[in-house]
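Let me begin by handing over the structure; questions about it come next.
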Amino acid sequence: MDDYYKFLDSKRQLSGEYGFNPVYMPDQAFDFQKSLIEWSCLKGRSAIFADCGLGKSLMQLAWAQNVVQKTNKNVLILTPLAVSHQTVKEGSKFGIECAKSSDGKVKSKITVTNYERLHYFDSSDFVSVVCDESSILKNFDGKIKSQVTEFLRTIEYRLLCTATAAPNDFIELGTSSEALGHMGFMDMIGRFFKKTGSTTSRKDENRSGIYNLKGHARRDFWRWVVSWSRALRKPSDLGFEDFDHALPELITKQHVVQCRSKNPEYLFDMPAFGLQEQRAERSRSVRERCEMAAEIVNSKESCALAWCYLNKESEMLKSLIDGAEEVKGSDADEKKEECFDAFEKGQIKCLVTKPTIAGFGLNWQHCNRMTFFPSHSFEQWYQSIRRCWRFGQKSNVTVDLITSEGELDVLRNLKRKTDQAEEMFGKMVALMRNELNIKTVDNHKTQIQLPSWL
């Protein structure tokens, strides 16, 4: 019987231990942050899926400092565009020395750069890499994504940090596992999932795209995920007090505009079907939607964010909104960072930009008003509103969703994805709590008990 249990243990997919006991802990960190820093150091290769405003910057900087003090070797932190400057400032605030580099030169034990600059660096110069907002990788083209995957392949210590680990389907956790050097994506599919022939039903909690989590593999799958990652929306998800980690109210207002120009194919406006019709409808309604956004922003004295997708929208919003500054994809990185910094300091009343440019990693709790033109991307919606609606925000956040009658199906699809993602992440946290045996006691305080295999 003992041999049989040994055989079962040999088949169990749990991540190995690559790390070390932490040698540094910042005094400024909350208890739950210290717990995650210690755990990630012990793991060596891990992922922290923490909601916006829970201090991922501090945790990844502290983790990097631990690697430096343990190995006396270099660490590279990869960030979205313009976030590298913010990360360096955070390091200075917490007394952790780091420097930004855009040309491949190692200027400090902890070097910070943007994902787009990775091709200038040599992986042999680093013993550790941190991927900030790691979920952004799937928004890059295949070239950059391949560069990151290849760069990480020979790195000893790795840390992924993001708020949306799997915005639509938890099957995407496989890409994080592969980047960390654990089980590969296709290996995960073969071991835990079975392929189905339909994607129409989303009611099954185990369903993910065209794959179903095998019934007998459900617990083993989540035990495996828990072995290399932690997911939380608030500290109590890991058994700690929430204290001041409470989000203000998110107020979403929907505005539907009528196009002054008629659709030549219909007698009156009809919902657009398919991406081609929806793109045509978005282009036809640019002026009306931009005028509505400008009217809303100009009616308030407070600063605002105006999110858009098309270049025509960006140009028109800048011309219609008082004191607006436009940040385009073609702008130099230096100009983008200058504008983002000026907006954070209150020198720009309204920032006009796209989610693909400024939707990841930036902290703008000073702003609590946004206009948004909805698209099918839940992740871009979630990340965009989270630039302002995050822990540390003192005011209620208002988001004005502006669309045309022809794009109402886009809005409905975005709402469906939002509800689905909320349900999925909630179940993910609940299953992790169950595997870690985290329970809430009667006096509303929490305690944590770790299973023996950790």
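Let a ≥ b ≥ c be the square roots of the eigenvalues of the Cα gyration tensor of segment 250-412; is it rounded (a/c under 1.5), or, if not, prolate (a/b larger than b/c) or oblate?
prolate
Applying a 10 Å radius around every beta-carbon, put 418-431, 37-50 in order of their mean neighbour count, most first.
37-50, 418-431
A further question on this structure: Need the list of aspartates and glutamates near LYS312 for cross-linking: C-alpha distance under 13 angstrom, and skip anything on the same chain fewer than eight residues off.
Filter leaves GLU288, GLU291, GLU326.
Take the cross-link list LYS89/LYS109; LYS93/LYS336; LYS105/LYS143; LYS56/LYS234 and give me the ones stretching past 18 Å between alpha-carbons.
LYS93/LYS336; LYS105/LYS143
If each residue of separation counts as 0.36 nm, what is the full-extension length gain between HIS366 and THR149 once their alpha-carbon separation is subtracted?
Gain on extension, HIS366 to THR149, equals 74.6 nm.
When you count, for each residue, the other Cβ atoms within 10 Å and take the mean per peptide, how do 315-321, 229-235 rank with the highest first?
229-235, 315-321
Using modelled amide H (1.01 Å from N, peptide plane; none on Pro or chain starts), what sits under 5 Å from the amide H of ILE110, excluding residues fewer than 5 places away?
VAL75, ALA99
Another one. Assuming R0 = 30 Å, can you tell me the calculated FRET efficiency for the pair TYR24 and LEU250, based on Cβ-Cβ distance, to the nearest 0.05?
Computed FRET efficiency for TYR24 and LEU250 comes out at 0.25.
Follow-up question, since we're still on this one. Check cross-link reach from LYS194 to the aspartates and glutamates: straight Cα distance under 14 Å, and skip same-chain residues fewer than eight apart.
Counting by Cα, and skipping residues close in sequence, LYS194 has these aspartates and glutamates nearby: ASP204.
Mind listing the phi-derived Karplus ³J(HN,Hα) values for segment 354-371, rounded to whole Hz, using 6.51, -1.76 and 1.60 with θ = phi - 60°, and x for any glycine or proline?
Values, residue by residue: 10, x, 5, 9, 10, x, 10, x, 7, 10, 10, 5, 6, 10, 9, 9, 9, 10 Hz.
Every number here is computed from the coordinates shown, using simple stated rules; none is lab data. From a predicted model like this one, the values you see are computed outputs, not experimental measurements. Here Cβ is always computed from backbone atoms with ideal geometry, including for glycine, and neighbour counts include all displayed protein chains.
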